[in-house]
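Comments concern the structure below.
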Amino acid sequence: MCGVAPKLIITDEDQSMRRGIESIFPNTKHRLCMWHILMKLPEKVGPILRDNEDFKPRFMACVRGSETPDEFESRWSSIISEFGLEDNEWLKEKYGLRESWIPAYFMDFSLGGILRTTSRSESENAFFRHFTNRKLTLIEFWVRFETALEEQRQKELQEDNCALHTLPVLETCWGIEAHAREVYTHNIFVAFQREVVAARDRRHVKTIEQVGDVRTTSIGDLSLRIRTVRFNTNTKAAQCTCRMFESLGILCSHIIVVLKNDGCNEIPSQYVLHRWTKMAARHLCYDANGHELEGSSTSLSPIIKKLYSQTCSRFSLALHEAKHCEDKMEYLNKAVADALAHLSQTTPLDEQSEVQEFESFIGTTFPSIINIHPPDIANTKGSVKRLKRGSEEAINKRKKSK
Ligand SMILES: [Zn+2]
């Protein structure tokens, strides 16, 4: 990790991992996977509550849906008393660990949506289990591991290509949705679009107060819960009590309502996380020693690859800068046309030969002189019994039987 400790590690309840993380990463937050804990719930509460139609939704709403520690604690205590769980030792223990697994206690910790479970690593485990098993030799394991990685890279390239060259259908005529479609990958756009549709159909403004640049808006929804958005009309900074942006990195429907009412047709740049954008995978990655990671198998030199990446990013930024102004767009169009004309007049460099292509692909050069030495021990003709074909064996058998 290049000397940088992770901000957060999510594990199941393994004591030795807990001790290891505490000693090696003293400043890293260690959370417990909610999925692993909830998986044990039916067994720990017994068959009567397991089949109770009211218990499970109430319990899930408490652990998953609480937005503040106070809300969680009040819901938890009413569930414990209403369902007679005061003596359940397992629930007592989990309550004691609540700050390690209940999201309400770490809603401000921005981790791009991996706050609750180890589902990403579990799905990776399942993926690699499909390709490998414990009986493989090291070489077999390595070959299969590489194949699995190659499949993932292929899938990623396909999705990347799809995100760059296709556009999802818009559900509203709101500018902010069209902007999201332009910048986000398809998966993130779908999540954002859900919030836009909710903002249009299921959110209503109850009160608005303005003090200086700060506008405070109360927003209601069908669940009768009131969310409060504090919005700075000057800097476009917004914060909602649901904390969705802080935990998932995507703006919630409440903030979208406020932005829409303020006339914003684009997502403010501070709320477009680079990791969710179509351009996130356009950059080359380097390790601590400056070596390129995950390079494509093209034969371009590292300098050209780097320039290629920079040019793509700059062109994308230039388009973004110019698209709302006709003069700027005309200037950019002419600049690109001039550059193209200049490039076509420049004498092209020699194309790479086929041999160079192969050498680049396998990562080594072909030797110009190949010396073939006689083997140290050579068997003379007839010193080894020749293996006979099946047909010869059959003929011999027939001859012997005659
Ligand atoms: Zn919200």
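Some observations on this one:
- Scoring ASP70 on the criteria (1) modelled with pLDDT under 90; (2) in a helix (DSSP H, G or I) leaves a single failure, condition (1).
- Just one of the listed residues (SER223, SER247, SER253) is at pLDDT 95 or above, within 14 Å of the ligand (Cβ to nearest atom) and either of a type in the set (S, T, N, Q) or farther than 17 Å from THR172 by Cα (or both), and it is SER253.
- Here is the figure for segment 200-218: residues that are outside any strand (DSSP E or B) and away from the ligand (no atom under 11 Å from the Cβ) total 5.
- Subset of segment 34-90 [hydroxyl-bearing (Ser, Thr, Tyr) and out of contact with any Asp or Glu (no Cβ under 9 Å at 6 or more places or on another chain)]: THR68, SER74, SER77, SER78, SER81
- Being in a helix (DSSP H, G or I) and either within 20 Å of TRP276 (Cα to Cα) or touching a helix residue (DSSP H, G or I) at 6+ places or on another chain (Cβ under 7 Å) (or both) is a property that holds for GLU246.
To keep it simple, each residue is scored yes or no on (1) at pLDDT 90 or above; (2) surrounded by fewer than 18 Cβ atoms within 10 Å (Cβ to Cβ); (3) touching a Pro at 6+ places or on another chain (Cβ under 9 Å).
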residue: ASP12; (1), (2), (3): no, yes, no
residue: SER23; (1), (2), (3): yes, yes, no
residue: LEU32; (1), (2), (3): no, no, no
residue: LEU41; (1), (2), (3): yes, no, no
residue: ILE48; (1), (2), (3): no, yes, no
residue: ARG58; (1), (2), (3): yes, yes, no
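- Scanning segment 219-239 for residues that are in a loop (DSSP other than H, G, I, E, B) and of a type in the set (Gly, Ala, Ser), we see that the one that is farthest from GLU71 (Cα to Cα) is ALA237.
- Selection status of PHE192, assigned to a helix (DSSP H, G or I) and under 14 Å from TYR271 (Cα atoms): yes
- Any hit, segment 113-121, residues being over 30 Å from HIS254 (Cβ atoms), at pLDDT below 90 and not assigned by TED's automatic domain parsing to the domain that holds LYS29: yes
The values are calculated or read from the model by the stated rules, or taken from the named source; none is laboratory data. Given the structure is predicted, the values throughout are model-derived calculations rather than measurements. Virtual Cβ from ideal backbone geometry, glycine too; neighbours counted across all protein chains shown.
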